[in-house]
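The values are calculated or read from the model by the stated rules, or taken from the named source; none is laboratory data. Just so we're clear, the structure is a prediction, and the values are computed from it rather than from any experiment. Please note: Cβ atoms are built from the backbone with ideal geometry, for glycine as well, and neighbour counts cover all protein chains shown.
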Amino acid sequence: MMTAAILAMGGNDAVLMALLVVGPLMAFYGVYQLVADLKAAPRKKIEQRLRGRGQPGMRTAKANAGDIRRHAPKAIGAMSNYLATFSATEKLQTILDQANINWNASQLLVNLTLGASIALALMLLLKVPLLVALGVVGAIYVLPIVYLTWKLKQRINKLVGQLPDVFELLGQALRAGHSLASGMQVVASELPDPAGTEFGRVFQEQNLGLKIEDALTNLANRMDVLDVRFFVTAVLIQRQTGGDLAEVLDKISGVIRDRIKLHMTVLALTAEGRLSGAVLLALPLVVFGAMLKINYEYATTLLTHPTGQMMATFAAVSMLMGWVMIKKIINIKV
């Protein structure tokens, strides 16, 4: 009977009825997931230390060793397990791991879908235009990804700025008679996140039975920073051929410091171009907002009239292309 009633309604009414049915079900599912996570918290803390996901290309002597590192909580539910099979979910999980956010990617997508469904149902009940409602739903998915990407970039930049101090501290620890593993422990105890956290994870991994070479390889794969890969490659070569690792670390530290100085100089020289791009991108939006305030009917012609819509679309595409070109010009690799 419910199906027949939905078919008898119009398109918008049918969508609204479906959302009113699906929304409470997804809300109940979200509450169930929250209760299940709270009940399983002690067990997950143990699993986060003793279990992990293997890295591609990693080979260990013991099959049970694996990649002994912290990972996000395990997804619960059929929908989460289904979403975990997609490559996009795996990429999102990589971003979460690199940003040091202890979330599960598939569970995050389920929660975002729940929030988007509830928001869409409420906006349809309030008779919000469909395009606006779809824009809000898209923003619910896009804005968290943008935030995660921004936080990841901030963390990577902070790590790069800490690397000279990390290598100098490691070199001093090696000269004082410490092993490489205990030097990692010194870095973890003396430096804040992200350097302290990441090198502390390396120390924990080797302390739980993983070879130091594999733990360092996990660090390079996890952070995906060129300077970290230089460091890991130098350590792997030194452990095979021998040599003064402390001196190598001092040289790597000097090179990174010089690169950071050059990068800051480039940012100072390109500041005018970046500011110009921001002004050119924001100016049309500010003018349009002012026109809406001054003469609403005249400004809305750009959105309601077919010719105005074509002009607005062309302007938006041109602004986007200009922003990309400016970013390309000022993005100087150091």
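Return yes or no: is Val235 in a helix (DSSP H, G or I), among the aliphatic types (A, V, I, L, M) and without any contact (Cβ under 8 Å) to a residue 24 or more places away in the chain?
Values: in a helix (DSSP H, G or I): yes; among the aliphatic types (A, V, I, L, M): yes; without any contact (Cβ under 8 Å) to a residue 24 or more places away in the chain: no.
The answer is no for Val235.
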Point to revise | the stretch 247-260 residues that are farther than 16 Å from Val235 by Cβ, paired with ones that are part of a helix (DSSP H, G or I) (beta carbon under 6 Å, 6 or more apart) | key: Arg257/Pro164
Review point. Out of the residues in the stretch 137-164 that are among the hydroxyl-bearing types (Ser, Thr, Tyr) and touching a residue at least 24 places away in the same chain (Cβ under 8 Å), which is nearest to Asp258 (Cα to Cα)?
Key: Thr149
Point to revise | Whichever residue in the stretch 185-201 is in contact with a Lys or Arg (Cβ under 9 Å, 6 or more places away or on another chain) and crowded, with 17+ Cβ neighbours inside 10 Å and, among such residues, is nearest to Arg257 (Cα to Cα) | key: Ala195
Review point. (1) in contact with a helix residue (DSSP H, G or I) (Cβ under 6 Å, 6 or more places away or on another chain); (2) surrounded by fewer than 18 Cβ atoms within 10 Å (Cβ to Cβ): which one isn't true of Val146, the others all being true?
Key: (1)
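Working carefully through the options Val228, Val166, find the one that is buried (at least 18 other Cβ atoms within 10 Å of the Cβ), within 21 Å of the chain's Cα centre (by Cα), outside the structural domain of Leu96 (by TED's automatic domain parsing) and not acidic (Asp, Glu).
Val228
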Practice item. Would you check if Arg201 is in contact with a Pro (Cβ under 6 Å, 6 or more places away or on another chain), in contact (Cβ under 8 Å) with a residue 24 or more places away in the chain and farther than 18 Å from Ser253 by Cα? Key: no
